[in-house]
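The values are calculated or read from the model by the stated rules, or taken from the named source; none is laboratory data. In this text, all values refer to a predicted model and were calculated from it rather than measured experimentally. Ideal geometry is used to build each Cβ from the backbone, glycine not excepted, and the neighbour counts take in all protein chains shown. What goes into the accessible areas is simple: the full protein's heavy atoms, side chains included, and nothing from ligands, DNA or RNA. Shrake-Rupley method; radii C 1.70, N 1.55, O 1.52, S 1.80 Å.
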Amino acid sequence: MDAPNQILTAAQMRAGEERLIADGTSVTELMERAGRGAADWVFRVAAGRKVTVLCGPGNNGGDGYVIARVLAERGVPVEVVAPRAPTTDVAKEARKRWGGEPVVTARGAVLVDCLFGTGLSRPLSGDLHRLLIELSYAHNHWIAVDLPSGIDADSGELLNDVLPVYSLTLALGAWKLAHWMMPAQAIMGDLRLVDIGVEPEEGAAGLSERPTLFVPERDAHKYARGLLAVIGGAMPGAGVLASRAAMHGGAGYVKLYSDHDGLPGVPPDLVVAGDPMPALATDPRIAAVLIGPGLGRSEEARSVLSWVLACDLPTVCDADALVLLEPEMLEDRSAPLVLTPHAGELDAIGNAFASSEPDRLEQVTELAEAIEGVLVAKGPDTIVAAPGRPPVFMPPAPSWLSTAGTGDVLAGLIASQLAVGETSAFQAAQNGCWLHREAALRAGPAFSASGLVAQLPAAYGAFL
Ligand SMILES: NC(=O)C1=CN([C@@H]2O[C@H](COP(=O)(O)OP(=O)(O)OC[C@H]3O[C@@H](n4cnc5c(N)ncnc54)[C@H](OP(=O)(O)O)[C@@H]3O)[C@@H](O)[C@H]2O)[C@@H](O)CC1
Ligand SMILES: Nc1ncnc2c1ncn2[C@@H]1O[C@H](COP(=O)(O)OP(=O)(O)O)[C@@H](O)[C@H]1O
Ligand SMILES: [K+]
């Protein structure tokens, strides 16, 4: 993972900084780089208006004194509120170089939160919490330096119930997990990275990179682009929706297998067939299978799932398939597998595969190893994990996606990308998520799953 895309734990961040220090960069120099980089952003937001910097006792506070000094040098009116004196040598030095006298409280246009960063170890005490909230009411723009104070850098948990919502968060040196994890992600505002020279860290999680998608070859035909088999079930609408999405997700041919009469909403260009068993067992053109949307949870559904997985084709399992999944069903497989659980389905997989890891990122990583496949843990902070490699976070997508059927659309898109066969299953899963997000951005507010599908051709065009 290249440095601007890596996402570090607080411990990995410290290790990265220590390596820079061992290579000859002083802590003072690192703080100067961090503070100057942050001050550049604050300067632009302030546009000459009054800035208040809230400084804590550690090095995050130290960054704050650098910011205050740099802004003052540039003629910006700035005050510092420092409820705790600096405790580290570098922060003391930064305060000395700033040279001003802190005030007890302040009003202004921009509040710069340098109370705590990666070193926060417990909830904000009553007085600090009150001060932070009070200052947030006394300003109109809120910038968090490195992290909003009051959140856990590694889990994204809010350590205090009520925290300000920021307009901008400036990550220093590298992204921390909390920048991309809920619930912290929701209070970050815009996110910008300040480079201080931190190198790539072995094994670090990362941000998914915007992909370039496949364009059919000049001599392509429908089978060469990938034939996707979608297995219908008890609730036929979900399979139709997933198939409609898949038709715009890259595959050349999507076939829905369903024995329902009068399927709802089938477009004329979607091919529907009956029993999938003969085709899956014998048709070499089938490049991938999607099972789960609308499958149902009956004994019959369980045996269809077991049989489909035993065919050992590249397969996406979603929805009911995730609830029915048992470790034995995966035993003899070697073909790529992608599971797309939401939080409840992730719990079900965790139970089935005896994973009790409480940390979501750890659990997702552990389960990807256990299933020997790709896991797309969906939600406002979607994680994609695969065995033997660091997980990636998808960029936040519109919360309008929280509507019924959008999961079927995502499953169809990932399966379609898997059928195209141009990339790994890990990349196909990310491509599907990118398409899904892009379509949601284009669909505007209050869209339905069908509205999302309608945006897919244009969304695909954004990745060519
Ligand atoms: N290292 C580097 O090279 C660089 C680091 N940089 C910057 O440093 C930041 C990390 O600095 P940091 O480790 O000093 O942690 P920070 O978040 O400032 O606070 C820790 C202090 O707070 C205390 N404390 C904790 N919780 C508390 C609470 N609830 N209420 C009250 N006190 C509490 C804790 O002491 P404790 O009481 O736990 O013993 C400790 O004194 C990082 O986010 C980035 O901004 C950049 O300048 C680039 C170079
Ligand atoms: N608040 C949210 N912000 C961003 N994306 C969301 C949010 N809520 C849901 N999503 C996305 O919408 C989709 C919902 O999937 P799922 O829960 O399986 O829905 P369904 O079963 O109704 O099809 C997932 O891709 C998920 O990541
Ligand atoms: K902060």
Boolean, ARG192 is in contact (Cβ under 8 Å) with a residue 12 or more places away in the chain and either open to solvent by 70 Å² or more (accessible area, probe 1.4 Å) or touching a Cys at 6+ places or on another chain (Cβ under 6 Å) (or both) | yes
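Only one of these is modelled with pLDDT of 95 or more and farther than 19 Å from GLY421 by Cα: GLY262, GLY252, GLY239. Name it.
Details: GLY262 fails: modelled with pLDDT of 95 or more; GLY252 fails: farther than 19 Å from GLY421 by Cα.
Matching residue, one of GLY262, GLY252, GLY239: GLY239.
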Could you please find all residues in region 215-247 being closer than 17 Å to GLY262 by Cα and open to solvent by 70 Å² or more (accessible area, probe 1.4 Å)?
-> MET235
Cross-chain or 6+ apart pairs with Cβ under 6 Å, region 249-266 first and at positive phi and assigned by TED's automatic domain parsing to the domain that holds ILE414, then open to solvent by less than 40 Å² (accessible area, probe 1.4 Å) and outside any loop (DSSP other than H, G, I, E, B) | GLY250/SER416; GLY250/GLN417; GLY250/VAL420; GLY265/VAL240
Only one of PRO336, PRO391 that is under 16 Å from ILE414 (Cα atoms) and either buried (at least 22 other Cβ atoms within 10 Å of the Cβ) or in contact with a Ser or Thr (Cβ under 8 Å, 6 or more places away or on another chain) (or both) | PRO336
Check on PRO86, part of a loop (DSSP other than H, G, I, E, B), within 24 Å of ALA174 (Cα to Cα) and over 31 Å from the mean Cα position of the chain (by Cα) = yes
When region 140-152 is checked residue by residue, the ones that are open to solvent by 10 Å² or more (accessible area, probe 1.4 Å) and within 8 Å of ligand 1 (Cβ to nearest atom) are ASP146
May I ask you to verify whether ALA415 is assigned by TED's automatic domain parsing to the domain that holds VAL376, under 15 Å from THR340 (Cβ atoms), in a helix (DSSP H, G or I) and more than 16 Å from the chain's Cα centre (by Cα)?
-> yes
